[in-house]
Amino acid sequence: MPAPTSTHCLRYWDLSNHIRITDAIALWCGVEPTDLTSIGIETQCMSAKRAAVETALREGRLEYEDLGVVTSRGRVFKGAPISELIEKDCLVIDKSSLRRWFEQLPFADRPPFLFEESRQPVLPDGSNVAEMNSMKALAIMAHLLAKAAPGYRVGDRPNAENIGKAVLQFAQLPFGEDTRGFLSFNKKVGQALKLFEREVPSDFRRN
């Protein structure tokens, strides 16, 4: 059986905005992708996860970058059908899109290479700034809500679980039962609050 992927190695995967299907499946199962490549092993679980990812790509639920298909004349052709790109391994998945896809799954399956909160990614300047700011804005809105309504706080802190439940209930009004994207919203709020608390100035926390 391939060796588990170490936390140290995962830090380097954080530096990439895109990932190949095979690498994503391996990391999802907690193993180093090079181990699978060298010994050519793919378990039944990996095959099922691959099928799920490929289905999401074909149905347009995952964003990707077309790397291009090399033609018989040695030229790179972009714009091939998604099925051909998958078959020839000529695309890479956008990791932000992949994370959002995982958040919408009807069960809690959070691969460490995308969700492990104990490992803080070391990101170059300018990378993922918009998403980080969105998370901070979400935390600020949670604080405002908790300040305005006691039911949305525990002590002096926002109650992520209650906020998530309220969002889910309200989402059912316009969207009916199709609320998969809101099922784990409380976890998103919790992550935003942790990020906010790490980066907010200490003098603000004392107020």
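The values are calculated or read from the model by the stated rules, or taken from the named source; none is laboratory data. None of the values given here were measured: they were computed from a predicted structure. Counting neighbours? That spans all protein chains shown, and the Cβs are built from the backbone with ideal geometry, glycine included.
Out of Leu57, Leu36, report the one residue that is closer than 27 Å to Ser184 by Cβ and either at pLDDT below 80 or under 20 Å from the mean Cα position of the chain (by Cα) (or both). Spell out how you get there, then give the answer.
On the way: Leu36 fails: closer than 27 Å to Ser184 by Cβ.
Checking each option against the conditions leaves just Leu57.
Ala80: in a helix (DSSP H, G or I) and at pLDDT below 95, yes or no?
Numbers: in a helix (DSSP H, G or I): no; at pLDDT below 95: yes.
Against the criterion (in a helix (DSSP H, G or I) and at pLDDT below 95), Ala80 does not qualify.
What's the total number of residues in segment 74-113 that are surrounded by 15 or more Cβ atoms within 10 Å (Cβ to Cβ) and at positive phi?
0
Counting only residues that are surrounded by 12 or more Cβ atoms within 10 Å (Cβ to Cβ) and assigned to a helix (DSSP H, G or I), how many does segment 145-160 have?
5
So Gly68 fits all but one of (1) surrounded by fewer than 18 Cβ atoms within 10 Å (Cβ to Cβ); (2) touching a His at 6+ places or on another chain (Cβ under 8 Å); what number is the exception?
(2)
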